[in-house]
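As structure tokens, the structure follows; a few thoughts come after it.
The values are calculated or read from the model by the stated rules, or taken from the named source; none is laboratory data. As the structure is a prediction and not an experimental result, all values here were calculated from the model. Here Cβ is always computed from backbone atoms with ideal geometry, including for glycine, and neighbour counts include all displayed protein chains. For the accessible areas, the whole protein counts, side chains as well, though only heavy atoms, and no ligand, DNA or RNA atoms are used. Shrake-Rupley method; radii C 1.70, N 1.55, O 1.52, S 1.80 Å.
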Amino acid sequence: ELGRYSAIRLMIGVDSAKSMSPLEKRRGVLDMSGLGQDMYWTWNTGYIFLKLQCMPIIPKGGDSSAVIPYVYHIGGYGGLNNPTLNNIRLVNLNLGENLNLIANSATAKINIKADALKVIEGSTQVNLNSTPTVMLTPFSANIANNYQNMFSIINIIN
């Protein structure tokens, strides 16, 4: 029924067709020389789907020489002709029976929460000290499985 929805489906990542499309067709946030430049691996020819990085806080007078930055750059679209890591994830958010949008509402808004803590505290508990850096390695699939579950619907406003 038009205007009445039961779920929202999101894709986290950039699929192989778009990742390998001609540069002139990749505009906006996918423009590697513009908005997308910080979310693209030039060394690996691919987009970063999730970037989480920080420097730990050093207590006053603490030893900063042993500080390791935490760097999580997760990408990998599965390859075009040769299979590679595929960290693209689909997210299904069920609206539930009581959250259906009103068919004639031109102003309905869905507020979605992204819980960044679930990136490291999901189905795989990530130990920042033993795994301070994750990029295009098999472990990155665990991070992708975690971020797949970081979204939830807060409310719908009609």
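So how many residues does the stretch 40-50 have that are of a type in the set (S, T, Y) and surrounded by 15 or more Cβ atoms within 10 Å (Cβ to Cβ)? Don't jump to the end; show me each part of the working.
At the first step, the residues of the stretch 40-50 found to be of a type in the set (S, T, Y) are 40, 42, 45, 47.
Next, only the ones that are surrounded by 15 or more Cβ atoms within 10 Å (Cβ to Cβ) stay: 40, 47.
Looking only at that region, the number is 2.
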task: Enumerate the pairs (first residue in the stretch 133-146 and under 14 Å from S123 (Cβ atoms) and open to solvent by less than 10 Å² (accessible area, probe 1.4 Å); second residue anywhere and part of a helix (DSSP H, G or I) and aliphatic (A, V, I, L, M)) with beta-carbon separation below 9 Å, excluding pairs fewer than 6 apart on the same chain, so at least 6 apart or on different chains.
output: I143/V119; N146/V119
message: For the stretch 1-39, which positions are open to solvent by 50 Å² or more (accessible area, probe 1.4 Å), at pLDDT 90 or above and within 30 Å of G96 (Cα to Cα)?
response: R9, L10, M11, D15
- line: Residue pairs qualifying under the 9 Å Cβ cut-off, at least six apart or on distinct chains, with the first in the stretch 65-85 being over 15 Å from G13 (Cβ atoms) and the second being among the hydroxyl-bearing types (S, T, Y) and part of a strand (DSSP E or B), are I68/T133; P69/T133; Y70/T133; V71/T133
- request: May I ask you to verify whether I112 is in contact with a strand residue (DSSP E or B) (Cβ under 9 Å, 6 or more places away or on another chain), at pLDDT 90 or above and open to solvent by 40 Å² or more (accessible area, probe 1.4 Å)?
  value: yes
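Only one residue in L93, L128 is under 26 Å from V29 (Cβ atoms), out of contact with any helix residue (DSSP H, G or I) (no Cβ under 9 Å at 6 or more places or on another chain) and open to solvent by less than 90 Å² (accessible area, probe 1.4 Å), so which one is that? It would help to see each step written out before you state the result.
Values: L128 fails: under 26 Å from V29 (Cβ atoms).
Answer to the selection: L93.
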